[in-house]
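Only the coordinates and a few stated rules stand behind these numbers; no lab work does. All values reported here derive from a predicted model rather than from experimental measurement. Neighbour counts are summed over all protein chains in view; Cβ atoms, including those assigned to glycine, are modelled from backbone coordinates with ideal geometry.
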Amino acid sequence: MAEVTAPAPAPGDRRARRRQETIEEILAIADDVMTEEGVNGLSVSEVARRLGVKPPSIYKYFDSLLAIYDALFERGQRTHLEIMRTAMARAEPGLDALAAGLAASGRWLLAHPATGQLLFWRPVPSFQPTSEAMAPSVEMVRLQRQALADAAAAGQLGAGADSDEALWVTSVLVSGVIGQAMANEPGLPWGEGRFSPLLPKLLGTLAALYPPKPSRRRS
């Protein structure tokens, strides 16, 4: 029997694949630069130097430094969303899922501090993410809101738990933990040190802020 070979990809497909590979390489280099030099240390000239090209070559793929930031932001948000979604899906709905998702988020952010700062601390004042780049963040908020609603439905939390305010409280709690860990214990993994182990205790305050109805005892 004659050997059957797959048809060669069309020239346009090859060009598109090479272009995407170059884009991914640029973003990987940009991430390295942010990690080594700080988020504000990113520059087109440094990315070009590490890629082995002249700076104008970068503009064939990104029309500005802010466009590179936007692509990094979207890529980071999508990765972060998947990590949180996977952790929450493996836990019981409600507070268990919320705690699992936030712990997975914190673990990933401490392992990728430059990306974490870009996503949640706005270290580049001139950078405003596009709506496309923000879309995964909107879904992340929806997942957390659903977990709070599930906790209220299960009687783990009471009135007001399924609200914007409860979301804001949760955000303040977890961002405070991660911010303190990044600032004071850089490089220390999640679950170690003074700050990240506090998250379960802090999440326990949700029940104090939004107390569930006491169960009725039979006389």
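Across the chain, C-alpha contacts under 8 Å between residues 6 or more apart give a mean separation that, scaled by the residue count, equals a relative contact order of 18 percent. From its DSSP helices (H runs of at least four residues, each -39,500 (n - 2.57)), the chain gives a residue-normalised ellipticity at 222 nm of -21000 deg cm²/dmol. What number, in percent, do you get for the relative contact order of segment 60-113 if the mean sequence gap of Cα pairs under 8 Å and at least 6 apart is divided by its residue count? For segment 60-113, the relative contact order is 28 percent. Ranked for footprinting exposure by Cβ neighbours inside 10 Å, fewest first, GLU132, GLU139 give GLU132, GLU139. For the chain, the longest principal axis of the C-alpha atoms and the axis of helix 95-111 are separated by about 40°. Other residues within the sphere of radius under 14 Å centred on the Cβ of LEU167, judged by their own Cβ, net out at -3 (K and R +1, D and E -1). Students often get this wrong, so try it: which of [x] 19.7, 64; [y] 17.1, 48; [z] 22.0, 84 is Rg and Dmax of the Cα atoms in Å as calculated from the structure shown? Correct label is [z]. Taking Cα atoms, how many degrees apart are the long axis of helix 11-37 and the longest axis of the chain, rounded to 10 and kept between 0 and 90? Once rounded, one gets 60 degrees. Dipole orientation for the chain: of the candidates THR115, LEU206, ALA48, LEU206 has the Cα lying most toward the positive pole (charges on Cβ; Lys, Arg +1; Asp, Glu -1). Against the chain, whose longest principal axis is taken from its Cα atoms, helix 65-89 shows a tilt of about 40°. Summing Cβ point charges (Lys, Arg +1; Asp, Glu -1) relative to the Cα centre of the chain gives a dipole of roughly 480 debye. Remark: relative contact order (segment 10-63) = 26 percent; criterion is Cα-Cα distance under 8 angstrom and separation of 6 or more residues.
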